[in-house]
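Each reported figure results from applying straightforward, stated rules to the coordinates on display, with no laboratory input. No experiment lies behind these values; they were computed from the predicted model shown. Note that each Cβ is placed from the backbone with ideal geometry, even for glycine, and that neighbours are counted across all protein chains shown.
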Amino acid sequence: MPRPLHATIHLDAMQRNLVRARTFAPAARIWAVVKANAYGHGLERGMRGFVQADGLALIETENALRLRELGWVKPILLLEGIFDASDVPLLAEYNINSTVHCLEQIKMLEYTQLYRPIDVQLKMNTGMNRLGFRPDEFRTAYARLRAIRGIRHITLMTHFANADELEHPRLSIGEQVRRFRQGADGLPGERSLSNSGGVLHQAALFGDEAGELHNDWVRPGIMLYGGTPGARPAADFGLLPTMTLKSEIIGIQELEAGDSVGYGSRFQAPGPMTVGVVACGYADGYPRHAGHGTPVLVDGVRTSLVGRVSMDMMTVDLSPVPNARVGSKVTLWGDGLPIDEVAQAAGTIGYELMCALAPRVRVAEGRVDSD
Ligand SMILES: *Cc1c(COP(=O)(O)O)cnc(C)c1O
């Protein structure tokens, strides 16, 4: 018998979330973002789940090549571009679309003879202040890129710092769009602005479904995995969970008032109570900083964590589930328990939980509710 902890990846939900993304952004083409091992779902599963996407976007050249080996023939986008001039020939050979966010990358492209035309995405920094050319430098960068032989299409792109909120007090999406508009005004080329937050907020912000946030490409990640970047639950947007992490109770302890649980004895029983030991710990990707009160389902009943999460185990309050026993099913997140809710209780975001799923966790594919 293997250890009971396992993750189920719901490819059908991935497909349906992509369809859902299209209903939000009907006029846009979609780069499905499959970076970070498809947000922990596995790159190949990402490819299969999003087979209907117009392109796949990720970070590493070697993973772009892997997608080609796996048979992906549609566009591929490198979200951070290349890291070295030696990668330029690969862009041409494997038809990979690269982000260009700094002068050094432009130089790499200038120095290397391109034997086949390539497409690039010129990135503007509209306030995130991570990657990209400032609006006032954008035109010069564009002209320099345009002058390189072998560069075919230049898409103009930016990435929002605050698309998860409609009106961020420091930097709203509206302000970032204004900067983008100004920096890119009159330049030819397609546009690509939105991550999941932008996709979900176009209608709310601009009152229509086909406006600027959806021109001409969108780059959703988290929404395709059934999470949201903001405070509203994913289910409100019709998104389905794509990863369910389940385990079982492997031990039970009866506590008396004053007994404590786990390392550091952080939890002390206020009265007699039963706790269950779950086979899942921080070495599996469950956040160690998840505290008392983080939700868990035992036999489908909602209860919560008590004590500290340890490397291979955690403990849960069995008071609401008196019939629980060794072997009872435990859901850590996913189907029946939104990952965003667990993340919030643990002081993090659903993205981090998905991405941190550890290699030692067994992964299978199945429909929602398949086991
Ligand atoms: C990660 C990433 C995305 C996807 O963001 P989500 O919030 O997951 O939708 C889009 N664009 C870029 C440039 C990214 O790095």
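Structure above, values below:
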{"quantity": "Nearest-20 debye value, the chain charge dipole, Cβ charges on Lys, Arg, Asp, Glu", "calculated": "780 debye"}
{"quantity": "Mean residue ellipticity (222 nm) of the chain, computed from DSSP H runs ≥ 4 via -39,500 (n - 2.57), nearest 500", "calculated": "-7500 deg cm²/dmol"}
{"quantity": "Region 16-32 - phi-based ³J(HN,Hα) in whole Hz, Karplus 6.51/-1.76/1.60, Gly and Pro as x", "calculated": "6, 5, 5, 4, 4, 4, 5, 6, 6, 10, x, 8, 9, 8, 10, 8, 7"}
{"quantity": "0 to 90° range, to nearest 10: angle between helix 173-184 axis and the chain longest Cα axis", "calculated": "20 degrees"}
{"quantity": "Karplus (6.51, -1.76, 1.60) ³J(HN,Hα), θ = phi - 60°, over region 128-134, in Hz, Gly and Pro reported as x", "calculated": "5, 6, 10, 10, x, 7, 5"}
{"quantity": "Amide H contacts under 5 Å for T294, placed H, 5+ residues apart", "calculated": "L305"}
{"quantity": "Range in the chain, longest, excluding exposed GluC sites (Glu not before Pro) [loop by DSSP; at most 11 other beta-carbon atoms within 10 Å]", "calculated": "1-166"}
{"quantity": "Sequence-distant residues sharing a close amide H with V261 (under 5 Å, placed H)", "calculated": "R266, F267"}
{"quantity": "Euclidean distance of C-alpha centroids, region 104-154 and region 172-202, integer Å", "calculated": "17 Å"}
{"quantity": "Rounded tilt (10° steps) of 196-206 against the dominant C-alpha axis of the chain", "calculated": "70 degrees"}
{"quantity": "Total formal charge among the other residues, if their Cβ is under 11 angstrom from that of E190, Lys/Arg +1 and Asp/Glu -1", "calculated": "0"}
{"quantity": "In sequence order, calculated HN-Hα J values of region 215-225 (Karplus, 6.51, -1.76, 1.60; Hz; x Gly/Pro)", "calculated": "8, 9, 10, 10, 10, x, x, 3, 5, 6, 9"}
{"quantity": "Long-range HN-HN contacts of R191 with modeled amide H, under 5 Å", "calculated": "L156, D216, W217"}
{"quantity": "Under 19 Å from K74, Cα to Cα: lysines that are on another chain or at least 8 residues apart", "calculated": "K35"}
